[in-house]
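Visitor: If you scroll down you'll find the structure; I have some questions about it.
Derivation of every value follows stated rules applied to the coordinates shown; laboratory data play no part. This is a predicted model, so every value here is computed, not measured. Cβ placement follows ideal geometry from the backbone for every residue including glycine, while neighbour counts extend to all protein chains displayed.
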Amino acid sequence: MKIKFRILLLLFMFILASCSGNDDNESAICIPTSMSMIINGEPVEYNVSGTGIDWDWSRQKHILDQSFYYSSSSLGESTISYSVPHKLKGKNVFETFVFRTYLNGSYIEINLLNEDFESEVITNSNTCLYAVFSGKFTLNNQEIIITEGKASFIFENPIQISF
């Protein structure tokens, strides 16, 4: 009886260890680095312009920052940038999600988190970030509707954080 109990205990420990917090397999659901969405019915693909991971000393956490740019006659030269705590996943967890444009001689910056905006970070690991988003905002008295938004970033070198 003790042998059966020990075998069951070892089997349980093996299964538990196999399901530990290794999130590197999450990168399988990521797509190559990109940001795409449908804006007012038109497919739009943004280009990556920068990424970084910074240590926030006051909160004792790493923050992932990324930015993307796009050139369009209707939206002007625009960028979208966001930040999210490293490894944080879930609905509406972005700390910033900002749309910036230079349109008709004016610089406009809109924090989409203050608008009708929803997002979900699905993967946020040492190798990849993948999120989906949608929402709407007003730009120069025109309603901008974003649907099917996807942001993905695959790190060339996995993030190595040691603190």
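Visitor: At 0.36 nm per residue, and after removing the present C-alpha to C-alpha distance, how many nm does the segment from Tyr107 to Leu88 gain when stretched out fully?
Guide: Values: separation 19, 0.36 × 19 = 6.84 nm, distance 3.15 nm.
In short, 3.7 nm is gained.
Visitor: Under a plain spin-label model, where a point goes 7 Å from the Cα along Cα-to-Cβ, how far apart in nm are Asn114 and Ser134?
Guide: In this crude spin-label approximation the distance works out to 2.5 nm.
Visitor: Given H placed 1.01 Å from N in the peptide plane, which residues other than close sequence neighbours of His86 have an amide H under 5 Å from its amide H?
Guide: It is His62, Ile63, Leu64, by chain and number.
Visitor: Moving on. Quick one: Ser119, Ser71, Ser83, fewest Cβ neighbours within 10 Å first, how do they rank?
Guide: On the way: Ser119 22, Ser71 10, Ser83 18.
Ascending Cβ contact count within 10 Å gives the list Ser71, Ser83, Ser119.
Visitor: Chymotrypsin sites (Phe, Trp or Tyr not before Pro) within region 50-150: which are DSSP loop residues with at most 14 other Cβ atoms inside 10 Å? Numbers along the way, then the final one.
Guide: Values: sites: Trp55, Trp57, Phe68, Tyr69, Tyr70, Tyr82, Phe94, Phe97, Phe99, Tyr102, Tyr107, Phe117, Tyr130, Phe133, Phe137; in loops: Trp57, Phe94.
Answer in residue order: Trp57.
Visitor: So how much slack lies between Glu156 and Ser72, counting 0.36 nm per residue of separation and subtracting their Cα-Cα distance, in nm?
Guide: Values: separation 84, 0.36 × 84 = 30.24 nm, distance 2.87 nm.
So the chain would gain 27.4 nm between Glu156 and Ser72.
Visitor: For region 34-154, how many pairs of lysine residues have a Cα-Cα distance under 22 Å, where the two are 8 or more positions apart or belong to different chains? Working shown, then result.
Guide: Details: Lys61/Lys87; Lys61/Lys89; Lys61/Lys91; Lys87/Lys150; Lys89/Lys150; Lys91/Lys136; Lys91/Lys150; Lys136/Lys150.
Number of lysine pairs found: 8.
Visitor: Pairs of Cα atoms under 8 Å, at least six residues apart: use those to get the relative contact order of region 34-154, whole percent. Mind showing how you got there, number by number?
Guide: On the way: 284 pairs, mean separation 26.6, N = 121.
Relative contact order of region 34-154: 22 percent.
Visitor: Follow-up. Taking Cα centroids, how far is region 112-128 from region 69-96 in Å?
Guide: Comparing the Cα centres of region 112-128 and region 69-96, I get a distance of 8 Å.
Visitor: Moving on to the next point. At 0.36 nm per residue, minus the direct Cα-Cα distance, what do Glu148 and Ser36 gain on full extension? Give it in nm, one decimal, please. Please report the intermediate quantities before stating the final value.
Guide: Values: separation 112, 0.36 × 112 = 40.32 nm, distance 0.78 nm.
Gain on stretching Glu148 to Ser36: 39.5 nm.
Visitor: Once you compute Rg and the Kirkwood Rh from C-alpha atoms, what is the Rg to Rh ratio for region 27-163? Could the numbers behind the result be given before it?
Guide: On the way: Rg = 15.0 Å, Rh = 15.4 Å.
In region 27-163, Rg relative to Rh is 0.97.
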